[in-house]
1. Can you go through B:228, B:218 and tell me which one is over 30 Å from residue C:207 (Cα atoms) and within 13 Å of chain A (Cβ to nearest Cβ)?
2. The conditions are (1) within 14 Å of chain A (Cβ to nearest Cβ); (2) surrounded by fewer than 24 Cβ atoms within 10 Å (Cβ to Cβ); (3) outside any helix (DSSP H, G or I), and residue C:182 fails exactly one of them. Which is it?
3. Just to check your reading of the model, which residue among B:96, B:45, B:100 is in contact with a helix residue (DSSP H, G or I) (Cβ under 8 Å, 6 or more places away or on another chain), in the same structural domain as residue B:29 (by TED's automatic domain parsing) and crowded, with 22+ Cβ neighbours inside 10 Å?
4. Filter the stretch C:55-89 down to residues that are under 23 Å from residue C:267 (Cα atoms) and more than 14 Å from chain A (Cβ to nearest Cβ) and give me whichever is surrounded by the most Cβ atoms within 10 Å (Cβ to Cβ).
5. Scanning for something touching a helix residue (DSSP H, G or I) at 6+ places or on another chain (Cβ under 7 Å), within 12 Å of chain B (Cβ to nearest Cβ) and in a loop (DSSP other than H, G, I, E, B), does the stretch C:30-43 turn up at least one residue?
6. Hey, can you tell me all the residues within the stretch B:123-149 that are facing another protein chain (nearest Cβ under 7 Å) and in contact (Cβ under 8 Å) with a residue 60 or more places away in the chain?
7. With the requirement that a residue be over 25 Å from residue A:376 (Cβ atoms), within 19 Å of the chain's Cα centre (by Cα) and not in a helix (DSSP H, G or I), what does the stretch A:73-113 give you?
8. Helices (runs of 4 or more DSSP H) wholly in the stretch C:236-292 with at least 1 residues that are under 30 Å from residue B:108 (Cβ atoms) and at pLDDT below 75 - which ones?
């Protein structure tokens, strides 16, 4: 009995010591929180090249789904717990966090980095008071993808710069659900970064805005009603079943498996829909501008995925060196050599679009460039607004009320409530939030 | 022709066989489908009508092992769930013993209070716990996660073990006390051996619940202590077609506990009586 | 007598670690939560921690989704309990009979209980329920019906199915275990007296299963009240607020914008509600739990 007891005790002690002991690292480990999309996964793979060049550095990638990542990063940085040395964040968080002094300012980049090569709008979006707080990994606007084969078959002609009305007519003609072919695929999944990205640009195109100059919410305006009614009608009648649970990824799958005649979404998808191994329709995709309606202002969005360093990181110097490498021209060349020139992270550097080889290899590049140049976060709407951001409002309350409104609109799309009801609830919610935030009384 | 008793029974057994197998296959189907999908190409995974016969590929698994350190996640899961379950047993057994053999008027209330602690939604206390963990340097440590899981499962464990201990006739304890056994000996030599099955079942249940916990493990870890639920979070919604890879990652995440659960099913079936059996 | 007292105090010492730990586990976060719930405390706005009294509670209660959240929580818990206990009893009785391949069938039936809730939700959301490429949409087409778009047409039902699938094996496992311990001589005797299978089930099996049923009810209620991962992974509480339960509401209205004050107020409300349920459970379960 005695022996068996002591053996149990030993086993327990063993487990405890394993639990407690954490291995000591002889070298610097950079913990990188990142999102699991194609370009980031590629960076994770190619980062081994960096590790070989810098023997003292070990890179530890924590890959998370976008929403989980955002929540984890925010908790970590707001609590200053310093678990991450590098964070993947967007153009929404960067200026807000920069203003809170949570991010390391990136003023002293080496000349070889060529900061001036970055697109101005991208750089502005990652700055607060003129100070850069994150380095852009890739940037995107939105555009219209369409199936050239289906358009030719039906004798239709997609203009370079279509209106939403035209898009709706095309969708009506090409909608053939009995053959699993849907007129148009659009984001329907609730979320400020999902359906609201598209919906906000539609509202912009229809002449609406989130707030007037006194921060009074405008969701009960005629423009919103018109835009949302159009959206619900278009996607509800000529979209795939289950549209209210489709986000970017779901729509990409649908488009790649040949189920969508049109799709309005991020320009970054250009590389995916033309990928010969992942797409069934790679040779018959056409590109047009994101549709406009009464105005072209804010009809295409602007978003950047960027790498930033929290001030709570213990390894700021090493981290800066890595993010400069991962967003450099050198990295682009590495990608070109390994995976082909069309796979270069898009939308960040002017030099990419001045490269003839790239423009020839990437059929979507010209439209991406045109859309990137058009989007202006500082002047996103027909009427003036007190906020910056095309498809988002750059204040910290937005991710909550944006998602709330997204829920209501998804509800209207699923047919659980009318557009009027959804907008009325939304107006109420946003107002509540703005009162709580002290913007209005 | 008259059916004799024997063939009547045979018919009944055959009928029961058909019904039971149908039910079982229906219930098991999603898991079967997940495993099957994990051996398809991405295009085959979404094809309509679904493919049952196809050329299997190990590509998805290969890509996952290339990209992620599966063994690290799995090892963290093993350490944290086994550790928390053992720790839970060490604390729960004495508590259940005290409640079962020395009941006081407050025992029932204490028991129910313990169970009610489990009804607090974790989302409501995430920030306080997170800040606490930060200040105690427990973030992203296996120790911290072990403690959380132990506390999370402790109420259920105490209650389960309590019900088993109540089955033991008090006379047996009296007898051992007459022989001069002290409390430690009483627990280890009389009580524990007599409720081995129940203790094993409690341990297994705690293990399963810890293994599958997703909220705390995702929010309180980053990389060093991340468990398999965090591993799944990196495959849940990537760009492009992902069903086959998701299925492969899912299969990898559930396989250890599924196999372990099946192997220990005899213990579970024998032990999950909650003292309901005389 | 002396030994008895000695043992009694000993017992107190033995109980102490568990109770103390749980008190700490309860009290520390709880008091922090109560404290935060009266502050204007948002993690995204550093430096601001003004006392605001009950403002957070007022905001939480006046939330338009609050009633929906309450109702959805009850619907979810109630439906899953009915489904798992009803089907669970049926299946447990079924697989308790002799038939070919009993062990394999049991292994198959128990399997879902070992699956992580996240994986469970992901598999159902994509491989099964997907309206275009999911397996169920194929089944519908075979029968010539239009595929159902589960998460927008019947979102709550979809969640109930997913959660029930996860918890059904638990009910089966416990009820099956209990059935095995049923007195076979009693059953035989009843049969010889001419009782049919229904009568045997009603008069012998049901009373025998009473206690395990209460156990299933109790444990499942505890877990179902705080269901989160399944909703987070599939519907995100929507469309509208159709699948927002209280746990998700707190996450959505407060944690998502790092409004610690309101999250804390929501947490306190949930604790109070949980205690109401606990009192209810004591009424129903307490007797069975304490009696012997």
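The values are calculated or read from the model by the stated rules, or taken from the named source; none is laboratory data. Note that the coordinates shown come from a computational prediction; the quantities given were computed from them, not determined experimentally. Counting neighbours? That spans all protein chains shown, and the Cβs are built from the backbone with ideal geometry, glycine included.
1. Unique residue meeting the criteria: B:218.
2. It is condition (1) that residue C:182 fails.
3. None of the others qualify; the one that does is B:45.
4. Going through the qualifying residues, I end up with C:73.
5. yes
6. Within the stretch B:123-149, B:123, B:126, B:129, B:130, B:139, B:140, B:141, B:142, B:146 meet the criteria.
7. Of everything in the stretch A:73-113, those that are over 25 Å from residue A:376 (Cβ atoms), within 19 Å of the chain's Cα centre (by Cα) and not in a helix (DSSP H, G or I) turn out to be A:86, A:87.
8. Once the helices (runs of 4 or more DSSP H) in the stretch C:236-292 are filtered for at least 1 residues that are under 30 Å from residue B:108 (Cβ atoms) and at pLDDT below 75, what remains is C:260-281, C:287-290.
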